[in-house]
Amino acid sequence: MKFKIMVCIKQVPSSTEIKIDPVTNTLMREGAENIINPFDVYAIEEGVRIRERLADIPELETETVAVTMGPPQSEKILREAISLGADKAVLLSDRSFAGSDTLATSRVLSAAAKKISDVKIIICGKQSMDGDTGQVGPEVAQLLGFPFIGYVSEVRSLDNKKILLKQLKEKKYDIIEAQLPVVISVLKEINNPRIPGLKNMMKAKNASIETWGIKELMIDASKVGLDGSATRVVKIFKHEINSNTKMISSDLKAQIDEIYKEIFTYDKN
Amino acid sequence: MSYFYTEEQEMIIDICNRIVREKINPVRSQLDEDEIFPTEILSEIGRSDLFRLFIPEKWDGMGTGILEVCIATEILSKGCLGVATSYAASGLGFLPILISGSDEQKDRYLPSLASGGKIAAFGLTEADAGSDAGSIKTKAKLEGSNYILNGTKQWITNGGEADIYSVFAVTDESKGIRGASAFIVEKDFEGFSFGKKEKKLGIRASATRELVFENCIVPKENLIGKEGMGFIIAMKTLDKSRPAVGAQAVGVAQAALEEALCYSKIRKQFGQAISSFQAIQHMLAEMATNTEAARQLVYHAAKAVDSELKESSRLSAMAKFFASDVAMKVTTDAVQILGGYGYMRDYPVEKMMRDAKITQIYEGTNQIQKNVIALDLIKNGF
Ligand SMILES: Cc1cc2nc3c(=O)[nH]c(=O)nc-3n(C[C@H](O)[C@H](O)[C@H](O)COP(=O)(O)OP(=O)(O)OC[C@H]3O[C@@H](n4cnc5c(N)ncnc54)[C@H](O)[C@@H]3O)c2cc1C
C-alpha cells in the first residue's frame, strides 16, 4: 500500500523590505532573496518524522513529497526541503499561476495532490510570513473533501488509517482523532527541525525536480492566476500601531471611575 | 577568504557552522561549568552524517578523506573543544577497526559507528605508560575461545560514554613492544567497568575515565589483526588522527582570534578603540598569521595522509605540534586583549585558553612529536 505525505511549502522574501506591485497590488516576489517560509520548515520536519514513524508498518510504501507553487527559482527551496529529509519535490509553476490568491493557489495545490496520488496526509505551516492569511490549508482540504485540523502541536500517534493529534485552541488543547486522508497545519512547537545532513545535502544537489503546469495538472487557466482569484487586493499599506498605555493604580472604585472616564473621553474623539 | 574548498567540503562547513551556532554555542559555557557530556549534540552530529566521513561507503560511511574530518573538526572546535574532542575521540576509537580490522569486524561495528548510533573510544594510556606507550601492563591471555583481560587504562576520552573500545593489551610479555595486541571491547562485556570521571582544567564537556578490566572476557574474534600487531596498529592510528588534533587547535585559535578582533573594535580606553593601538594591532596580526600558517600545515598534512605520502607521519607530527603551540599562544593573547574581562567566565576566551592546553598534551605530547619529526629527518632526510 502506498502512503504519501505531501508538504506544502512556500518561498518568501527573507528581508522585511517587501516591494508591492503597483498594478496588481500583490507582493513582488522576484528579485528578493528567498527562503522557505519559516513555519513551513516545521511542516517539512513533521512530514519526514511521520514517514520515519511509519517505517515499521509492513508493506507500506511511504514517501514525503514537498511541493511549492511559485516561479522557477523557487526550485531552490524544494532542494532545501530534500536536504531536510523530503524524498521528492515537485515545482508547480506556470505563467498563468501568476497573481493567484489563496483560492486559486489551493486549486493548484489540490490538483497536485490528486496527481501525486495516494496522498494520506497534507501538511502546511501555520501561515506564511508574507501573506499571513493561513487560508491555503483549509481551502485545499475543502477542495479535496478531506477534513482539516489546524494549529497542530503534536502528532500523538498514527497508523495507515487514522491519526491522533493535539490541537491548540484559544485557551486549551483538544485531542482529535481523524480518519485519513487529512490536511493539517502545524505550529512551531510541534518539533525541533533537524540540521540537514551531508547525505541529504548531496542528494538535494543532484535531485531532478519535475515542474508541473496547467497542462500536467489538467486545470483550466481561468481557474488560476489573477483571473481565477476570488479576491483582489485593492491596496496594501503599512499598519500604524498606536498604543498608549496608561497604568491606573488606586482603590477599585476609583479605578472603575477612571476607566469609565477614559472610555467616555476616548469615544468623544 | 577562499580555501578552494570542494562543494562537499563547503557543505560540511555549512552543517558544522549550523551545529556550532544553534546547538553548541548556546550551551557551551554550561557544559563547561557543570562538566556535562554532550550526548544531545553528538546525536545531532550523528544525524548530520559527520561520523560517516572517513568510513567507506560499504559500511554506511561517506568515504571522504582525513582532510574532510579535519575541516569538520576545525569548525566544531570553534564552538567547543570539549564537544569536538568527544567527536574526534570516537573517530580515534574506530580507526583501529578501520585500519586493521577484518571484514567481519567492520560489518559488525562500523555501520552503527558511522551513523553515530554508537560511539567509540581509544584505550592505550596507563598510569605508568604515557609517552612510553610500549610499556603498557594490561594483559590479555587466551583461554579457549576468549581472551581474558586484566589491567587498568587511564584518562580515556569517552570512557564510560562510548559503546565500543579499542583496547591495547600485552599478549606476550617476552616480546616487549612486539607483544602488544589490539582488541575490540564492548561496553557490556563481563569484567569491564569504569573508574571515576576526572576533573579537568579544560575540555570539561568531554568525559575522561579509567577503563578497568577484571578478568574481562573478550571473544577471540575481537582481536584486531594478529597477536603482536598492537603497537603498529596504535602508531598507524595516531599517524592518521594527528592532523585532526591540529585541526582542533586551529579551530579554537580561530575562535579566540575572532573574539579578540571583535572586542578590540568595541572596547574604548583613552577615548579610542583599543584596536587603534599598535600593540594590539600587532598582536592581532601575529595571531592571524600563525593561525593561518597552522591551518595550511594541517590541511597539507591531511592531504599527505589521504594520498599516503611517505612523509605523512612527519607532516602529521609537525601539524599537531605547530598548531597546538599556536592555539596556546593565540588563546592566551586573546585573553590579554580582553584584559580583565577576558579572565572572567562571562566571556568565552578564558575557556578557550583552558581548552587549548590539551592539544599540546594528548595523542602524543609535543615533545614526542618533535622526537618523531627528528627521527624521521635523521633516518629518511628529505
Ligand atoms: C584529557 C585527556 C584525555 C586523554 N585521552 C586519551 C585517550 O582517549 N586515549 C588514550 O590512550 N590516552 C589518552 N590520554 C593520555 C595522553 O595521550 C597522555 O597523557 C600523553 O600521551 C602523555 O603521557 P603522560 O601524561 O603519561 O606524560 P608523560 O609521558 O609522563 O610525560 C611527562 C612529560 O615528559 C615529557 N617526555 C616524556 N617522554 C619524553 C621523551 N622521550 N622525550 C622528551 N620528553 C619526554 C613529556 O613530553 C611531558 O612533557 C588523555 C590525556 C588527557 C589529559
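The values are calculated or read from the model by the stated rules, or taken from the named source; none is laboratory data. Because the structure is predicted, anything quoted here is derived from the model rather than measured. As a convention, Cβ positions derive from the backbone with ideal geometry for all residues, glycine included, and neighbour counts pool all protein chains shown. These area figures cover heavy atoms from the full protein model, side chains too; ligands, DNA and RNA do not enter into them. Shrake-Rupley method; radii C 1.70, N 1.55, O 1.52, S 1.80 Å.
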Under the Karplus relation with 6.51, -1.76 and 1.60 and θ = phi - 60°, whole-Hz ³J(HN,Hα) for the stretch B:360-372, x at Gly and Pro, equal 7, 10, 7, 6, x, 4, 5, 5, 5, 4, 5, 4, 4
accessible surface per residue for chain B, probe 1.4 Å, DNA/RNA/ligands not counted, whole Å² -> 43 Å²
Once phi for every residue in the stretch A:63-79 is put through the Karplus expression 6.51 cos²θ - 1.76 cosθ + 1.60 (θ = phi - 60°), the whole-Hz ³J(HN,Hα) values, with Gly and Pro written as x, are 7, 9, 10, 8, 10, 9, 9, x, x, x, 6, 6, 3, 4, 6, 5, 4
For the stretch B:13-167, the dipole about the Cα centre with charges only on Cβ (Lys and Arg +1, Asp and Glu -1), to the nearest 20 debye, works out at 200 debye
When B and A pair up, the total accessible heavy-atom area removed from solvent (1.4 Å probe), in Å² to nearest 100, is 1300 Å²
Measuring from its Cα centre, the stretch B:278-382 shows a charge dipole (+1 at each Lys and Arg Cβ, -1 at each Asp and Glu Cβ) which, in debye to the nearest 20, is 200 debye
Per the helix-only model, chain B has a calculated mean residue ellipticity at 222 nm (DSSP H runs of ≥4, -39500 (n - 2.57) each, divided over all residues, rounded to the nearest 500) of -17500 deg cm²/dmol
Along the dipole axis of chain A (charges at Cβ: +1 for Lys and Arg, -1 for Asp and Glu; origin at the Cα centre), the most positive-end residue among A:Phe39, A:Gln127, A:Leu92 is A:Leu92
So the angle from the long Cα axis of helix B:230-266 to the longest Cα principal axis of chain B, reported in degrees to the nearest 10, equals 20 degrees
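Roll a 1.4 angstrom probe over the protein heavy atoms and tell me the percent of accessible area of the stretch B:7-119 that is carbon or sulfur.
Details: 1700 of 3730 Å².
Of all accessible area on the stretch B:7-119, carbon and sulfur atoms account for 46 percent.
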note: chain A, Cα-Cα separations exceeding 22 Å make up a percent value of 60 percent
Taking the chain alone as reference and the full protein assembly as comparison, with a 1.4 Å probe on protein heavy atoms only, the residues of the stretch A:197-227 that lose at least 10 Å² of accessible area are A:Gly197, A:Leu198, A:Lys199, A:Met201, A:Met202, A:Lys205
Probe 1.4 Å, heavy atoms of protein chains only: per residue, the accessible area of the stretch A:86-198 in Å² is 43 Å²
Among B:Ala256, B:Thr332, B:His282, the residue whose Cα sits farthest towards the positive end of the charge dipole of the stretch B:238-380 (+1 at Cβ of Lys and Arg, -1 at Cβ of Asp and Glu, taken about the Cα centre) is B:Thr332
Projecting the Cα atoms of B:Ala133, B:Thr157, B:Val349 onto the charge dipole of the protein assembly as shown, where Lys and Arg contribute +1 and Asp and Glu -1 at Cβ, the residue farthest towards the positive end is B:Val349
Expressed as a percent, the portion of alpha-carbon pairs in the stretch B:121-230 spaced more than 20 Å apart is 34 percent
On each of the three principal axes the extent of the alpha-carbon atoms of the stretch B:7-119, given in whole Å and largest first, is 42, 33, 18
Loop-resident GluC sites (Glu not before Pro) in the stretch A:157-196 with no more than 13 other Cβ atoms inside 10 Å, DSSP not H/G/I/E/B, are A:Glu170
The answer for trypsin sites (Lys or Arg not before Pro) in the stretch A:136-178 that fall in a DSSP coil and have at most 15 neighbouring Cβ atoms within 10 Å is A:Lys161, A:Lys169, A:Lys171, A:Lys172
Relative to chain B, whose Cα atoms define the longest principal axis, helix B:7-18 and its Cα axis are tilted in degrees, nearest 10, by 80 degrees
GluC sites (Glu not before Pro) in the stretch B:261-339 lying in a DSSP loop, each with at most 11 other Cβ atoms within 10 Å of its Cβ, come to B:Glu308
Measuring from its Cα centre, the stretch B:93-151 shows a charge dipole (+1 at each Lys and Arg Cβ, -1 at each Asp and Glu Cβ) which, in debye to the nearest 20, is 120 debye
For the protein assembly as shown, the percent of all C-alpha pairs falling in each 10 Å bin, from 0 up to the bin holding the max distance, is 3, 13, 19, 19, 17, 15, 8, 3, 1, 0, 0
Applied in sequence order to the stretch B:138-151, the curve 6.51 cos²θ - 1.76 cosθ + 1.60 (Karplus, θ = phi - 60°) yields integer Hz couplings, x standing for Gly and Pro, of 4, 10, 10, 10, 6, 9, x, 9, 10, 9, 10, 9, 9, x
